[in-house]
Amino acid sequence: MSAPLKNERLLRALRREPVDRTPVWLMRQAGRYLPEYRETRRKAGSFLAMAKNPEIACEITLQPLRRFPLDAAILFSDILTIPDAMGLALYFVEGEGPKFRHPVRDAAAIAKLGVPDMETELRYVMDAVRTVRRELDGNVPLIGFSGSPWTLACYMVEGGGSKDFGRIKAMALNEPQALHALLSVNTDAVIAYLAAQRAAGAQALQVFDTWGGVLSPAMYREFSLPYLTRIARELERGDDAQRTPLILFGKGNAAHLEALADSGAEGVGVDWLVGLEEAARRTGGKVALQGNLDPAVVYGSPEAIRREVAVVLDAYAAGNGGSREGHVFNLGHGMSPDMDPEHVAVLVDAVHTHSAR
Ligand code: CP3
């Protein structure tokens, strides 16, 4: 038996129930902007060594919670664990980001891919979830996560990050059936991965569709949206008050908010290029909304941070009939390594102070 949850703000907000304050967590809240992270990493050697060690992954997950009264923990891991376990062999080059030794570039390579076994090949992730749940002791809920089928495919086909996504877009144009086969196996793997994290103790789940926004609207409706919707429909997550909520975060997803609100997910995460008043109106209370402070606001002064936090909170309420219910505060994308932890403290306090009911 695990401890009862002491802070239910996140789960209540995702069910669109009343809360005393708007919950807040931050994408990449654990990471290089924290001196204690850099210290842990110096000792451990590399990012992958840390992510593959459940005790270290747990320690890093908890670091931001020791500093700030955040309303959720997010597992310290990476979205590229799935393709790594599929055999693509993930590695990192300092300053260049993630890369794969064996990218998949044709139908033959794609046909060989299978769903990894979650309790053997990805056991280190599930062990990290179990360890964090134990150490959190019910203080805040733990968010598990995965990349979206499209975003994973971007890295798998490009072999790493990309500026123009030329290889995967050429595959979409020239061999769409090969790309659909890749997206289909990725979707099966994402569903199994999120289900295993839920079974291991994750209390909310987020899918990062970081690169959905590089697709034209028609291409998004063909290569990303149907797979996100399949995850939302097929992922087993319990009933009613016990349901494990699923958040679909997408960068550049503003054109598709109505479709995402109809996907079956409990929450939709948006970036800062759409106003939350408009986003709340267009989703009409069908889902909770998560977001969407421009991450660059963290570079502003404490006064500017407080002002901009209030703008986001009030925009949501304005589009939601004057109510703050159904809002999870977050950045529109992740924290950067050069951000000041003192400013994060101001941000978290501003959310709780300005939203106090
Ligand atoms: O949010 C959190 O605190 C949880 C941990 C988390 C990480 N990566 C830790 C990490 C999460 C949720 C991710 C997801 C992830 N990883 C995404 C989707 C989210 C997004 O940002 O849109 C993507 C695209 C990746 C792939 C990836 N992994 C990138 C682009 C990088 C950065 C590479 C670089 O050098 O800048 C990573 C490595 C990574 N993942 C770091 C962290 C803290 C930095 C590792 C380090 O150098 O110490």
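The values are calculated or read from the model by the stated rules, or taken from the named source; none is laboratory data. Keep in mind that this is a model prediction, so the values were computed, not measured. Backbone-built Cβ (ideal geometry, glycine too); neighbour counts: all protein chains shown. Remember, those area values only see protein heavy atoms, side chains included, never the ligands or the DNA or RNA. Shrake-Rupley method; radii C 1.70, N 1.55, O 1.52, S 1.80 Å.
Remarks
- The listed residue being touching a residue at least 12 places away in the same chain (Cβ under 8 Å) and part of a loop (DSSP other than H, G, I, E, B), out of 198, 237: 237
- Residue count for segment 34-57, restricted to those that are near the ligand (Cβ under 10 Å from one of its atoms) and among the β-branched types (Val, Ile, Thr): 1
- Among the residues here, residue 273 does not qualify as hydrophobic (A, V, I, L, M, F, W, C), modelled with pLDDT of 95 or more and either over 22 Å from the mean Cα position of the chain (by Cα) or surrounded by 16 or more Cβ atoms within 10 Å (Cβ to Cβ) (or both).
- Looking only at residues of segment 175-204 that are surrounded by 19 or more Cβ atoms within 10 Å (Cβ to Cβ) and among the polar types (S, T, N, Q), we find that the one that is nearest to residue 231 (Cα to Cα) is 187.
- Annotation note: of 42, 28, 32, 16, the sole residue that is more than 22 Å from the chain's Cα centre (by Cα), modelled with pLDDT of 95 or more and either open to solvent by 50 Å² or more (accessible area, probe 1.4 Å) or at positive phi (or both) is 42.
- Close contacts from segment 58-75, counting a first residue that is without any contact (Cβ under 8 Å) to a residue 60 or more places away in the chain and within 12 Å of the ligand (Cβ to nearest atom) and a second that is open to solvent by 10 Å² or more (accessible area, probe 1.4 Å) and of a type in the set (Asp, Glu), with Cβ to Cβ under 9 Å and a gap of 6+ residues or different chains, come to 60/36; 63/36.
- When segment 163-193 is filtered for residues that are in contact with a helix residue (DSSP H, G or I) (Cβ under 9 Å, 6 or more places away or on another chain) and polar (S, T, N, Q), the ones remaining, listed by number, are 177, 184, 186, 187.
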